[in-house]
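Read-outs throughout are calculated quantities, based only on the coordinates presented, and are distinct from any laboratory measurement. Not measured: the values here are computed from a predicted model. Every residue, glycine as well, gets a Cβ built from its backbone with ideal geometry; the counts of neighbours run over all protein chains shown.
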Amino acid sequence: MDDTKVIASLDTFYSACMDLRKHNYDKCIESCTIILSKNPYDQAAWALKMRALTEQLSIDDIEAEEEGIADSYFNSDAIAENARVGTSLRTAQDTNNQRPRTVGGRPLSGIVRPSTSSAGGNNLQMALKTPRTVGSSRPLTSQSARNIRLGTASMVSQIDGPFINISRLNFPKYASDKQLSKLLFNYIYYQQNDIRNALDFAVEATKCCNFEDPWWKVQLGKCYVMLGLLRDGEAQFRSALQHGPNIEVFLRLSRLFIRLDQPLSSLDICQKAMSWFPHEITLLIEMARIFEGLNNIPMSVKYYRDILELDATDMESIACIGLHHFYSDQPEVALRYYRRLLQMGLYNAELFNNLGLCSFYAQQFDVVTACFENALRLALDDNAADVWYNISHVAIGFGDLDIAEHSLHLTLSLNSSHGAALNNLAVLLWRKNNVSRAESLLNSAIAAEDHLYEPHYNRALLAQEEGDHQTSYGMVKKSLSIYPNHYNSRDILNELKKYFSSL
Amino acid sequence: MSLFKVRDCWSTVCGRGETFGCDALAVDDLFGADEDNIILGSLDGVLRVYGVHSTPPPDFQYSPSDLLIEVQTDSPVLQVCTGKLISCSPNKNIAVLHPFSLVVHGVNCIAGSTDHGDQYVLETMYEHKFDRSAYQMVVGPFGGGSGSRDFACVLSLDGAVTVYEQQAFGFRTALPNYLHPFPIKYVRSVDGFITLNADLCLVCYKYQELADPSLKQKWPVWSCTLGETVYDIQTVEITPSATTIHVLGERNYYCFQGNGVLWFMKRLQYTPCCFHPYILGEHPETKTMCMIVSDTDSVLVYDQTKLRWSAKLSFHPCIIARASFKALQGCLVMLSETGDLRFCYLGTEPMIFMAPERPIKDYKDTKNQLVQLKKDLQNMSLQDETDTLPLLKLNTRILNLRSEGLGKPSCDIEIDVSPSLATSSVQITFQLVAPLVVSPTVIHLKDLTESITVRVMAHRANDDTESAVSSTECTVCAYYSGTSDVPGSVQQTVRMPLTLAYEIHSTPYLDFSWSAKISVDESPVPLKTLFKEFADSSSAELCFRTITGNSKYVCVTALPANRSYEIRSSGPEYTNAILEEILFRHREYYKTKKCILRCDKNEIPVADFYRTIEEHVALKGRLDIIQEEISSLCSQYRIIQKCLFNKLKENTVLSVSGLNVLIDDTHETLTEKMSEIALVKQELKVKFSQLMSLSRLLVTMLGLCSKNDKILEEFKESVVHFTDYQNWEDIVLQSLGYLVGNQIKLNVQSDDPAHVVMGLKTLIDYVIQHVTSVKDELQVKPKKDNTRGVSPILESEEDFYSS
């Protein structure tokens, strides 16, 4: 049996097509290069190589959308400066203060998404304080400068120089070629990331097909959105929808409205889409995320549950529902959800941290230490700070204030601007009568994380005990501005008012 | 590590190193035995047929008899299909697609006499050859009909569609708008072919339309823009009139009805690889299910758009299918690219991966460790000031003693300078008492990053042969500034060898003007051990001679009987170095034990000290006088010069011989005075060295009989110091006067040197008294000195020293 000889008689183009189907991109590109070297005018091989190069680097660009700091701060598309309550993502009111806030001032979400770390608020200070990391240390600058990829952005090294020289392409010629135009557009848009040329190409192509092909309208819309021309993009997407419903278009439109800070329009779009595609999970996820952004947690949880009915393996839903139960004082239920995530094969520090916390509050003390040990083992530096912070909470629950103090010190050694840790350490030291240190720690906490009301309240209390009524007044005002219904702050304020009026 | 896994029950590897395409597998019942057979064709040309004859699980496993047929063909097998491709026979045949031919085989089963002797033979029925490289084929009852005759349609790489009506050639046509080959399938309910065209549109062409040769342009019966490339298209027949078309796109999964209406679609959140739709149940309660394999090796089972199950695979398949056997109904069939064929079921596997066992710790130990750590932490936090280590370390060594020429010994000093940090500028200086000098005197080191060794030479000053060597101690000082520009210094003291100043003299010279005895608590160290390098014989006596112009002798005796050392010398000023050496070595010898040395205070050469002070002062006075004379002579010389020049300028005839004589005379006197002053300076130097030596000796001996160390320290500081330019007596007078304070009344301060000496004497007496006696013994004698010197200037401070 002479195996090698038989397979050698296989047509190179066939093997290239087969490799593409099997996702063996490198082999496919190699075979195409061989074919092209023999016959440079083989259009099919050229187009196949283009497809392979594009598919190699393609990502889900709806999911991977990240809004840079520059875009979000300098965004002049925001419609209403003073939006009514519940209509804007940026000025979402929080009804209950039970969920801790992230640095950006948004309530904690169950899952880290690319857009959860977008700059919060209209304040340039706040915008600059946004953590630049989602998991890596890429700076979130303007998005039109470069497209950020969720996957590994491996630069495909092409031996003979760039495969296609876009500046020399004759756009009208290729735009009218129905066989090549769409593949070429995908190549320019995804592989070369050349939005301007892609836009020109798409305009030509749309003209050539007499504005009848919805695909080109969608591509035009995509280009406009990338360039920041959101209203034009919206127009294109809507006109594409007139040809027929399409999930992708609905999703892009909904994302667009989120960027314009019109969550209600986004929800409308999603509802309309649901009428066409009733069980489409991606739409449900969109709606759930929007509700979470609007701080309408019950609706968000309802949608996440619907998602779980349809797709029981969706980690985002499980995590978010688990979080919701945890912060609604139902740690056993939350524990169930996080256990489910563990069964599904997720294995990282955050999950073990959550499991540890849930077990502790659900009074299953035997697993708490094991979970936290695993969490520490798997944690990198940024996560380890939070893990130690949670361990300190567990230690306080056990009554071991020494361990709690040590854990907080460890937290601060890993992340010196962890406001909550600074605040808690201040409280612990205050109990030990080390008032000066407590004061300095509270000041650091206020400087580090301005959005927490606890350091302000504590500082006000400390100042009042020391007799420094002026500082106390200032602090209590700030605390109430963050959390207006805090009874203790109100008490202090009333006392101070009595004192000042008696002067 | 997911809990949901796919377990294989039957697996085999087809061939070795063979490659399989994406259409290489077909599942069908070949023999009508209600059991599926798997037909495989590899790109290496091997065609295999499997049938499972195994018992139900858990014994369901591969046995070699499951491989029914294995045939090597001479060209790669692109695809295998089954269908009723022979007109007369109702059996299913296998159609094998090669790049340039389509071969239809039949499988015959020859029953053997025994149970396992069944033979299966592959019989080639017919073959069609074509000259266009093929891509895919479809088998189905084209053109309507009852379904008892299947035709084959071959799609070639350049878009040509060829239909073979069983053994006859049907027609050939080209697909419009074609660039790349995409999967093509036959839809029975509309009697059409469905594929994706180059415009990324899903198009359906009727069979009749394709078959009609008169139509130049073929139009699809319906089309739908997908906008993305398609990995696979499959058709599932619910009933012969209702066929569903399942399309697996790049990111979506679509399901169309036969007439082109989209039934449902689902956006996938992962990249799919392959899929297999199927139906469960009988009409009309059929469920349309689909299995999709994702890029991350998990299989997801959907019921329309609802996810029913997901499981993790242990390998990466390129084809997935579903087969039913008698022993196992509805199991997954998966084939990987390299020939791994597995039948699997959805199950779970107990976690093999366990989190690593935490070592069982003894909690008592851990508790103790914790307590210890807490203590350490507390201690650590209290020590706020850390000792700043000196940045430089010095290590000084004395090396080779050599003598160049007679009476000029010298020795080398080597210093290792090791910085602990990078230091930018280091300056090393040496402090040696004259007449010993070190050359070079100062060493500069620029950026020092690692230790270096510096060597200098210590020797007696070249022009000073008469001075007494008062001490052989050399202090090496290193001044440095680090990177933070904080300067620092480090010092080290080292003793020079005695042979720089003394040499051994054998004949004891009996004329000793001064002697002192040092009593020892225990027995004195024998001289042989004490001065190892000098003593050759075990004599009790050692005699040193100074290496000076006129030799002075110092004789050292160790008297074990009297428990003392005795030192005799021709002058006390030459003994200090030796005495210090003795003390030093004695203490070194008796390192561990305390052996106290004492001496009698009466033996302290105070009188000599005062005499030397007086002589020193007198010499200084003389020097001053000569200097004054020289300065006046100089001015005289200048005046005469001026007169001479004036006279010469006037250009008179008067003689200048008088001035000439004057000038010569002045010049002579000047020269005399210069040589005189040189001599005086030399004498002064010698006298000063003697003074220093005596003062050191005083301090050393006081140290031996001191009862009041604090005062002694202060006395030492004020008396023993280096001074080059200032008047020693004045300094000592002022500092001692301050030290003593108001206890003693001195004369009113005046510049008269005699008074200075007197004052010094008084003060030094007082100090010695205080050092050598315990406080109670002292009688407080306020000396009221009634003498008052006349001093017009300081009249207002008359009461300066009144007690």
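When the C-alpha to C-alpha distance is required to be over 32 Å, the pairs from B:K5/B:K367; A:K302/B:K266; A:K49/B:K218; B:K393/B:K517 that qualify are B:K5/B:K367; B:K393/B:K517. The gain in end-to-end length when the B:E282 to B:F584 segment is fully stretched comes to 97.2 nm, 0.36 nm per residue minus the alpha carbon separation.
Please rank B:L712, A:L184, fewest neighbouring Cβ atoms within 10 Å first, as an exposure proxy. Could the numbers behind the result be given before it?
Numbers: B:L712 20, A:L184 24.
Result, fewest neighbours first: B:L712, A:L184.
For the range A:488-503, the Karplus equation 6.51 cos²θ - 1.76 cosθ + 1.60, evaluated at θ = phi - 60°, returns couplings of 5, 4, 4, 4, 4, 4, 4, 4, 5, 4, 4, 5, 5, 6, 7, 6 Hz by residue, with Gly and Pro reported as x. The label point for B:V121 and the one for B:S551, both projected 7 Å from the Cα toward the Cβ, are 13.3 nm apart. Inter-chain Cβ neighbour count for A:15-25, averaged per residue, equals 6 (cutoff 10 Å, partner chain atoms only). Amide H to amide H distances under 5 Å link B:G249 with B:Y231, B:Y254, where only residues 5 or more positions off or on other chains count and H is placed in the peptide plane. For B:K84, the residues whose amide H sits under 5 Å from its own are B:N93, B:D150, ignoring neighbours fewer than 5 places away on the same chain, with H placed 1.01 Å from N. When only alpha carbons are used to place a centre, the range A:163-181 and the range A:284-301 end up 43 Å from one another.
Here the 3J(HN,Hα) profile of the range A:301-316, calculated from phi with Karplus coefficients 6.51, -1.76 and 1.60 at θ = phi - 60°, is 5, 4, 5, 4, 5, 4, 4, 5, 4, 8, 9, 6, 9, 6, 5, 4 Hz, Gly and Pro shown as x.
Near B:F171, the amide H atoms lying under 5 Å from its own belong to B:V163; only residues 5 or more places off or on other chains count, and H is placed 1.01 Å from N. Each peptide in B:64-72, B:80-88 gets a packing score, the mean of other Cβ atoms within 10 Å over its residues, and the list from highest to lowest is B:80-88, B:64-72. Taking label points 7 Å from Cα along the Cα-to-Cβ direction, B:S481 and B:K326 give a separation of 10.1 nm. In sequence order, the range B:176-183 has phi-based couplings of x, 6, 10, 10, 10, x, 10, x Hz under the Karplus curve 6.51 cos²θ - 1.76 cosθ + 1.60, θ = phi - 60°, and Gly or Pro positions carry x. When both the range A:215-276 and the range B:303-321 are represented by their alpha-carbon centers, they are found 32 Å apart. Spin-label model, B:M758 to A:S37: label points 7 Å out along the Cα-to-beta-carbon direction sit 11.6 nm apart. Neighbour counts of other Cβ atoms within 10 Å put A:L256, A:L284 in the fewest-to-most order A:L256, A:L284. For the peptide A:246-252, the mean number of other protein chain Cβ atoms found within 10 angstrom of a residue's Cβ is 3.
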